Amino acid sequence: MAGYIPRGDAEFDAWQANFVAVVGGNLAGYGLVAGDLTPVAAAQTAWNASFPAHVTAQAAAQSARQTKDGDRSAYEQVVRAVVRKIQATASVTGTAKAAAGITVPDTTPTPSGPPPTAPAGRVDTSQRLAHTVHFADSATPTSKARPPGVRGCEIWMKIGGPAPVDPAELSFVTLDTRTPHLVTFDGADAGKLVTYWLRWVSTRGEAGPWSAALAATIPG
């Protein structure tokens, strides 16, 4: 029975006005007397005051939000202009910038030379005809972050046959900047053993040492 009352306020407002007009105009036909509508009339009076006030307040709130958003955008623009001037002033210290809550540029030079560490990897074989190769730095195996100055992880592999002993036996798979990497295979490769070698590559294109070999069978 409760479903006959509309859920939306605007729909309810139209419904209640019609209800009171129709029922109030034919009390006997609805088996009522005037006293039956006394609480309805009182509730309608309260509603007829609060609903328009609510609509007005909503419109005012929306207008206030739009004004606030515009003021913030303008504020940010002038602040950014000042911050650019601060950042361009060599005498302003990093301590002063931090105190003001603005970016302190990283002046630490990017490490030169090849990455000194190798990736530590593992292969997930839970997906049919696929390997999910996870990698992390061997110095920080619980973190997904790449070492400083590293662009990504090179993944190389050999399918089938004896385990490789020389990089010349490997085929390049990808240079991935985020772990893990999904390697997919054809159905004809199901059951074959795949050996992976991984290594970091710096932002300058210099390769680090190879990881320990990772071996996994292709699930069919």
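Values in this text are rule-based calculations from the coordinates and carry no lab data. A quick note: this is a predicted structure, and the numbers were derived from the prediction, not measured. For neighbour counting, all protein chains shown are included, and Cβ atoms are generated from backbone atoms with ideal geometry for every residue, glycine included.
Going by a ≥ b ≥ c, the root eigenvalues of the Cα gyration tensor, does segment 119-217 fall in the rounded group (a/c under 1.5), the prolate group (a/b larger than b/c) or the oblate group? Write down the numbers at each step before the final one.
On the way: a/c = 2.06, a/b = 1.54, b/c = 1.34.
Verdict is prolate for segment 119-217.
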Notebook entry, point to check: Which residue, Val79, Val55, Val123, tops the fluctuation ranking in a GNM of the chain built on C-alpha contacts under 10 Å?
Noted result: Val55
Next item on the list: List the longest stretch of the chain that has no exposed loop site; here a site is one of the trypsin sites (Lys or Arg not before Pro) assigned by DSSP to anything other than H, G, I, E or B, with at most 11 other Cβ within 10 Å.
Entry: 8-177
Notebook entry, point to check: Between [x] 1, 5, 9, 9, 7, 6, 5, 5, 5, 5, 6, 7, 7, 6, 6, 5, 4, 2, 1, 0, 0; [y] 1, 7, 15, 19, 20, 17, 12, 7, 3, 1, 0; [z] 1, 7, 16, 21, 23, 18, 10, 4, 1, 0, which matches P(r) over Cα pairs in 5 Å bins from 0, in percent calculated for the structure shown?
Noted result: [x]
Item checked: Helix-only CD estimate at 222 nm, as mean residue ellipticity for the chain, using -39500 (n - 2.57) per DSSP H run (n ≥ 4) -> -11500 deg cm²/dmol
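Show me the chymotrypsin sites (Phe, Trp or Tyr not before Pro) within segment 12-47 that DSSP assigns to loop and that have at most 16 other Cβ atoms within 10 Å of their Cβ.
none
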Next item on the list: Taking the Cα centre of segment 100-179 as origin, work out the dipole magnitude from +1 charges on Lys and Arg Cβ and -1 charges on Asp and Glu Cβ, in debye rounded to 20.
Entry: 220 debye
Notebook entry, point to check: What's the angle, to the nearest 10 degrees (0 to 90), between helix 38-87's Cα axis and the longest principal axis of the chain?
Noted result: 30 degrees
Check: Given 0.36 nm per residue, what is the gain on full extension from Asp186 to Phe51 after removing their alpha carbon distance, in nm?
Finding: 42.0 nm
